[in-house]
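Only one structure is covered here, and it is reproduced in the block below.
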């Protein structure tokens with residue numbers, strides 16, 4: 001299967017900020033992660049994340065993150081406008 | 001006439017430079033790319049007199065817009081009226097108030113015509129034959145209309161459950177409308193994948209750096225129409241927060257190229273309470289935007305729960321000493337009526353948000369009565385008339401009889417006399 005790279009913005013709430021979610025994700029799924037920038041406070045964390053791997057594996061990893069309460073958006077957010 | 005005013009794209013985070021292609025994100029930190037210009041060259045090339053001698057459209061500020069040659073799409077867009085709103089000023093308790101009236105923007109009655117005309121002019125320069133957007137309203141209408149007049153094939157992607165009237169306003173231009181089943185974030189994700197795979201010119205994805213710059217024309221016009229002055233206060237509705245940051249950029253650029261004197265100005269942001277991530281962050285004293293996963297407001301054109309430029313909007317308001325406010329649905333309806341009854345301007349729900357928030361800012365002293373105040377009204381009320389349906393008086397019905405009419409008027413006069 002072909003490898004591909006996808007770029008996401010991750011937003012964590014207060015509960016997610018203290019849990020090592022990206023490490024957990026990388027243990028469960030065969031994806032290479034690369035944090036490009038981040039900003040974390042006690043209440044919210046925002047991380048620019050690149051994921052590399054097989055398409056289905058990336059999809060599963062994203063789904064797992066969402067299940068853990070992380071909001072995952074492609075970097076092209078706001079694609080739909082009014 | 002090829003020009004070199006517009007140099008390159010630049011990452012707003014790290015400042016890295018990129019070529020003027022259909023790209024929108026920095027490869028290193030995913031920061032947004034923005035157009036950058038040779039301001040010294042522009043300064044020597046334009047003057048107030050030169051601009052005033054040009055046709056009254058947004059393209060009279062062409063040197064400060066990101067295209068290489070002359071514009072080819074939306075040549076009639078912009079230069080909408082700046083209305084001195086004395087009756088509204090009296091109602092709000094201030095001396096000098098103006099409404100920048102983009103409800104009459106050409107051709108689709110919203111400020112989106114500004115951004116779309118720049119995006120499509122640039123799309124043609126870059127060789128795109130197909131342009132597209134994902135939208136629930138104003139943007140779709142504008143892309144469909146402007147693409148039609150430019151002879152470009154267009155696709156409009158919409159959530160499958162969008163109201164029929166909104167779809168009709170795009171279908172009439174012969175665009176390809178595709179409804180997508182799914183929640184907002186699923187539709188969003190598909191659109192970003194399509195933009196990456198098909199090589200189309202997506203106006204608010206890969207053409208975003210060009211598209212967003214079109215908003216500056218609103219700020220240039222406000223300053224020129226005010227007699228080449230920057231208003232002390234500008235109140236701007238916020239969806240992604242882009243318009244607010246671009247109006248600020250327009251004032252700063254006009255100072256930089258010598259069109260305006262440097263005077264203090266305050267930029268204020270308005271949102272609906274049902275979707276207020278930017279206003280909430282500003283009020284909470286942070287610049288981290290907490291997403292709002294389920295927006296719930298009648299101001300649908302502002303209902304973006306994860307605003308791409310929210311961080312920049314918060315910082316802009318803070319930097320200029322501005323404020324942020326939000327308005328409930330009831331306050332939005334009241335404000336639409338107030339603007340219509342005092343100035344004869346029928347604004348869409350986003351306009352109601354701007355007026356309602358300005359009213360609160362004035363009442364709380366966040367906007368002082370110390371200079372011109374400009375309210376940015378961005379779309380026509382006919383686009384969201386369903387929001388008002390239950391909130392207006394019904395017509396009074398009579399038989400075709402002069403006696404009945406006389407009775408009705410007499411009753412009305414008696415009521416007025418009693419008040």
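Remarks
- At R0 = 35 Å, FRET efficiency that the Cβ-Cβ distance of residue B:407 and residue B:363 yields, to 0.05: 0.25
- Of all DSSP beta bridges confined to chain B, the antiparallel ones make up roughly 35%.
- Chain B, relative contact order in percent, only Cα pairs under 8 angstrom and at least six apart counted: 15 percent
- 10 Å Cβ neighbours from other chains, averaged over peptide B:295-304: 1
- Within 10 Å of the Cβ of each residue in A:67-76, the mean number of Cβ atoms contributed by other protein chains is 5.
- Cα centroid separation, the stretch B:290-315 to the stretch B:128-148 (Å): 22 Å
- Descending by average beta-carbon neighbour count within 10 Å, the peptides B:124-132, B:346-354 line up as B:346-354, B:124-132, the highest first.
- Averaging over all projection directions, the Cα-based convex hull of the stretch B:200-312 occupies 8.2 nm² in the image plane.
- For the protein assembly as shown, the fraction of alpha-carbon pairs in successive 10 Å shells from zero, as %: 4, 19, 29, 26, 14, 5, 2, 1, 0
- Residues B:120, B:162, B:92, B:139, arranged from fewest to most other Cβ atoms within 10 angstrom of their Cβ, appear as B:162, B:92, B:139, B:120.
- Nearest-ten-degree value, helix B:329-343 long axis tilted from longest Cα axis of chain B: 80 degrees
- Put simply, the convex hull of the Cα atoms in the stretch B:112-211 casts, on average, a shadow of 5.6 nm².
- Put in order of Cβ neighbour count within 10 Å, fewest first, the listed residues A:81, B:412 become B:412, A:81.
- In this rough spin-label picture, where each label sits 7 Å from Cα along the Cβ direction, the residue A:52-residue B:172 distance is 5.1 nm.
- Simple label model, 7 Å out from Cα along Cβ direction - residue A:24 to residue B:198, nm: 3.7 nm
- Inter-label distance for residue B:148 and residue B:27, nm, one decimal - labels placed 7 Å from Cα along Cα-to-Cβ: 4.1 nm
- Between 0 and 90 degrees, the angle of helix B:242-256 with respect to the longest Cα principal axis of chain B falls at about 70 degrees.
- Net lengthening on full extension, residue B:262/residue B:14 (0.36 nm per residue, minus Cα-Cα): 86.6 nm
- Among B:10, B:337, the order by Cβ neighbours within 10 angstrom, fewest to most, reads B:337, B:10.
- Residue-normalised convex hull volume from the C-alpha trace of chain B: 162 Å³ per residue.
- 20 °C / 1.002 mPa s Stokes-Einstein diffusion coefficient of chain A, Kirkwood radius on C-alpha pairs, µm²/s: 165 µm²/s
- The angle between the Cα long axis of helix B:216-225 and the main principal axis of chain B comes to about 60°, on a 0 to 90 degree scale.
- Residue-averaged [θ]222 nm for chain A, counting only DSSP H segments that reach four residues, each worth -39500 (n - 2.57): -8500 deg cm²/dmol
No value in this document is a laboratory result; all are computed from the given coordinates. Keep in mind that what you see is a predicted model, and the values were worked out from it rather than measured. Note that we place each Cβ from the backbone using ideal geometry, even for glycine, and neighbour counts take in every protein chain shown.
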